[in-house]
Structures are given as structure tokens and as C-alpha cells.
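*Asks:* Please read through the structure below; I'll follow up with questions.
The values are calculated or read from the model by the stated rules, or taken from the named source; none is laboratory data. Here the structure is a predicted model, which means the values were calculated and not measured. Virtual Cβ from ideal backbone geometry, glycine too; neighbours counted across all protein chains shown.
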């Protein structure tokens, strides 16, 4: 029996375990195990929508254990704490409930092939006060925590006797997460008027985006960034470019020129790194972002029985650039590693990974969607915006649903989501 263990049920890991479970169903002697520290999968590009309260895990989440029972693999909930490459096993920490009662003991899980797909976390670059005063959107729990704080602040501002007229929210980092969250917050402020907060509107919320680089969306083409900036400025979002934050404190972010950007809610979305555990394991070659260096087949440079995909993977391309930490990268890596694992099981030579950039899209709530398509499919990208861009953005999520559910059930899930959006509340209040 060959056991394949995938640690991390994000975009890449979840798609990979689905493919491998289908393979194991047709081939005896192959066992597939998924490990994740939480019970519910949420597509990470939607995390800012959970934070804003326009979607919730009940309608858009997938329960790992239920998915495992339908697809014939094993799910183990737990946090990875160790890897023993000699004994070929991993260690999962003990799991306790909210009252401190032991639910699952510390466990060792053996493997023949291990896939690390543990994603990334926000990189605060050691900036003082950020961990104490800012919200992060790395996980479902963090997104829901921010949402609860947001609703509480909206309720506070809505009260007639309040002395504060404007709710100030600051977001550090003008990548896709920061810009998309800003637009969603503007939308939510208007929505809240219809949900028991008659005194609220977008006019009573001041949103600031703080970017250390020369422009917002620094990783995307300038034309996309320019269109997104114009859309955000129409919403009266304040954009601070070439502005470096040196510390966070109770009342806001302090910049390098010693100016305070006052804030009631602070979000940190500036840069990512692999989880600190990767560095603490002291098993792999890492880059500056703590990502694991891999060879062309996406195997760790230290151990060819360990594959790495997604945001925790440092894969250098032929031109010397690095594969970006994006959902499309994770999707492509999952497809390649699936092929390579099946080839490895058959004793065949493995294939090299070649990243294809199919473009970028930024969805600014109901106000605008902008991006570029085609990428490496042509000599130049095609700029899109409006309804066409929105349709393509929606189709990306549909493709993810199909990848983890199959065509028939995936389409049913999307139809159910569409009907649910029509009949359910537009704003989650709990």
C-alpha cells in the first residue's frame, strides 16, 4: 500500500487530493490522506468577501470530512508540527476544543509521498504593533474575526448619540486583497442601511489604502492598476502610495514621515511569506520569504519524496523569475504534481513544471472588475473590464468548484449559490 499525504486543503491542495482520490479509486494499493488544521475549505481569493460579510462559510464553504466521505480519501484534522524524512512520517499537534478539552491526541501519520500545500501568511516584516493592533485575512477564522469587529463598529457609529460621525478603516497593502476589500467595505456600508442601521451609508466610512510601493497593485500590469485606482477614487477611497508604515498603535498607523493615519479598524495585507513552521523545521532550502526551494518537477531539493505546491513553494522559472503566489499558480502546480505522483508510482520519468500566466483580474465589488486575459497564450495581454471581466472572474470560481466536485455536482453547487444569493440576505450580520 502506497500512502500519499497532502498537508493543506487550500486551492492547490484540495484540487490535488480530489484528483488523487479518483486515481486511488481506480488503482488498488494507493491510499490518500488530507491534513488540514480547520474543518472547512474556503477558496482564499474569497476571504476578503467573508471579512466584509457578503458571503459566509455555510454557503461557500466545503466541509473536508463530508467531501472525503464522498470521494474516498481520509481526512485528518490537525496542525503540522514536525516531519521526519528518515522514518517518513509527520506529526500533528493535539487538538483541543474551545473549552480546552482534548479532542484528538498528538499523532504520527506515515507517508510514502508527502505533498506540502500549507499556503502562506501575511508578512508584517517585524513592524512594531502590527500583530497587536491589526487584523489579518490569512484564514477563515481571521476573516470572521474581522467581520465581527466590522459589524460592531458599524452598530456603534449608527447610534444617534454617538459623538463620532465617521468610521475610519485603514488597509496596509494595495495588492488584490487590499484593493478588493476596500471596495467591498464601501458596498457593505451602504448595504447596512437596509439591515437595521438606518443612519449608516458609505458617506460615514473613510477607507484608506496604504502602499509602500510606487502604485497600487504593484504585481499587475500598470493599465489594470490605473483602472482600479480610478474606480477606487470614485468611491472616495483614500490611496497613499510611496508610504511606508513604521508602526501600528491603538489609534492608527504611523508612517515613515511620522504622520498618523487615524484608524478605528486596521487591516494588514502587505506581502506574504510561508508559515514560520517551515523555517522552524530546518529541513529545507528556503528563500527570503521562507518558501521551500524546489526543482523543476516541484520536488523539494532536499527530498524527492516531498512535493511542494502553492504559496509555500519557491519555483524558479527558466528566465530567472519566480512563480508568483497566486491561485492560478496553485491550480497549475496541483495538475502537474498529480501527473508526477502517478508517474512516480509507475516508475516513469517525471515532467517539469512550466508556469503559464493566463492574466489577472481584480474584482471591486459591484462597482468594477478590471484585468487582463490571455497572458502567455499570446504575445500581448488583452485588457478587459466591466461585464466581460466580471463574467471571467466568476468563471474562475466555477472552475475551482468543478475541480473539487466534478462537472455535475460543481454546476449544481454554483446553481445553488446563485439561487441562495437571490433569496438570502445580502449582508451577513453574525
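*Asks:* Scan the range 282-296 residue by residue and report those that are crowded, with 19+ Cβ neighbours inside 10 Å and part of a loop (DSSP other than H, G, I, E, B).
*Replies:* Hits for the range 282-296 are 284, 290, 291.
*Asks:* Examine the range 151-165 for a residue that is within 26 Å of residue 309 (Cα to Cα) and touching a residue at least 40 places away in the same chain (Cβ under 8 Å), and state whether such a residue exists. Before you say what the answer is, go through the steps one by one.
*Replies:* In the first step, residues of the range 151-165 are kept if they are within 26 Å of residue 309 (Cα to Cα); the result is none.
No, the range 151-165 has no match at all.
*Asks:* Does residue 151 satisfy the criteria of being in a helix (DSSP H, G or I) and more than 23 Å from the chain's Cα centre (by Cα)? Lay out the reasoning, then the answer.
*Replies:* On the way: in a helix (DSSP H, G or I): yes; more than 23 Å from the chain's Cα centre (by Cα): no.
Here the answer is no, as residue 151 does not meet what is asked.
*Asks:* Then there is this: Which members of the range 254-281 meet the condition of being touching a helix residue (DSSP H, G or I) at 6+ places or on another chain (Cβ under 8 Å) and either free of Cβ contacts under 8 Å to residues at least 12 places away in the same chain or in a strand (DSSP E or B) (or both)?
*Replies:* 265, 266, 267, 268, 272
*Asks:* Okay, moving on. Tell me, which residue of the range 154-174 that is assigned to a helix (DSSP H, G or I) and in contact with a strand residue (DSSP E or B) (Cβ under 9 Å, 6 or more places away or on another chain) is farthest from residue 209 (Cα to Cα)? I'd like the intermediate steps shown before the answer.
*Replies:* Just the residues of the range 154-174 that are assigned to a helix (DSSP H, G or I), to begin with: 154-158.
Filter once more, keeping what is in contact with a strand residue (DSSP E or B) (Cβ under 9 Å, 6 or more places away or on another chain): 154, 156-157.
Numbers: 154: 19, 156: 23, 157: 21 Å.
If we take residues in the range 154-174 being assigned to a helix (DSSP H, G or I) and in contact with a strand residue (DSSP E or B) (Cβ under 9 Å, 6 or more places away or on another chain), then 156 is farthest from residue 209 (Cα to Cα).
*Asks:* For the range 330-368: of the residues being free of Cβ contacts under 8 Å to residues at least 60 places away in the same chain and touching a strand residue (DSSP E or B) at 6+ places or on another chain (Cβ under 8 Å), which is farthest from residue 43 (Cα to Cα)?
*Replies:* For the range 330-368, the residue satisfying everything is 350.
*Asks:* Pairs only if they're at least six apart or on different chains, beta carbon under 9 angstrom, first in the range 383-398 and at positive phi, second surrounded by 15 or more Cβ atoms within 10 Å (Cβ to Cβ); list them, first residue then second.
*Replies:* 386/368; 386/369; 386/370
*Asks:* Can you confirm whether the range 65-74 contains a residue that is within 27 Å of residue 329 (Cα to Cα) and at pLDDT below 90?
*Replies:* no
*Asks:* Among 327, 318, which is assigned by TED's automatic domain parsing to the domain that holds residue 30, surrounded by fewer than 16 Cβ atoms within 10 Å (Cβ to Cβ) and under 28 Å from residue 176 (Cα atoms)?
*Replies:* Unique residue meeting the criteria: 318.
*Asks:* Taking the criterion of being closer than 30 Å to residue 156 by Cβ, modelled with pLDDT under 95 and either surrounded by 22 or more Cβ atoms within 10 Å (Cβ to Cβ) or not assigned by TED's automatic domain parsing to the domain that holds residue 85 (or both), would at least one residue in the range 270-278 satisfy it? Steps first, answer last, please.
*Replies:* From the range 270-278, those closer than 30 Å to residue 156 by Cβ are 270; that's our starting set.
Next cut, modelled with pLDDT under 95 only: 270.
Cutting the leftovers down to either surrounded by 22 or more Cβ atoms within 10 Å (Cβ to Cβ) or not assigned by TED's automatic domain parsing to the domain that holds residue 85 (or both) gives us 270.
Yes, the range 270-278 has at least one match.
*Asks:* Does the range 90-105 contain any residue that is more than 19 Å from the chain's Cα centre (by Cα), crowded, with 21+ Cβ neighbours inside 10 Å and not assigned by TED's automatic domain parsing to the domain that holds residue 51?
*Replies:* no
*Asks:* Residue check, residue 193 against (1) within 19 Å of residue 148 (Cα to Cα); (2) modelled with pLDDT of 95 or more, all met but one. Which one?
*Replies:* Here residue 193 clears every test but (2).
*Asks:* In addition: Return yes or no: is residue 338 part of a loop (DSSP other than H, G, I, E, B), at pLDDT 90 or above and either assigned by TED's automatic domain parsing to the domain that holds residue 176 or buried (at least 20 other Cβ atoms within 10 Å of the Cβ) (or both)? Give the derivation first.
*Replies:* Working: part of a loop (DSSP other than H, G, I, E, B): no; at pLDDT 90 or above: yes; either assigned by TED's automatic domain parsing to the domain that holds residue 176 or buried (at least 20 other Cβ atoms within 10 Å of the Cβ) (or both): yes.
Here the answer is no, as residue 338 does not meet what is asked.
*Asks:* Do we have residue 248 as surrounded by 19 or more Cβ atoms within 10 Å (Cβ to Cβ), part of a loop (DSSP other than H, G, I, E, B) and in contact with a strand residue (DSSP E or B) (Cβ under 7 Å, 6 or more places away or on another chain) here?
*Replies:* The answer is no for residue 248.
*Asks:* Scan the range 132-145 for residues that are under 26 Å from residue 256 (Cα atoms) and part of a helix (DSSP H, G or I) and jot them down.
*Replies:* Correct list: 132, 133.
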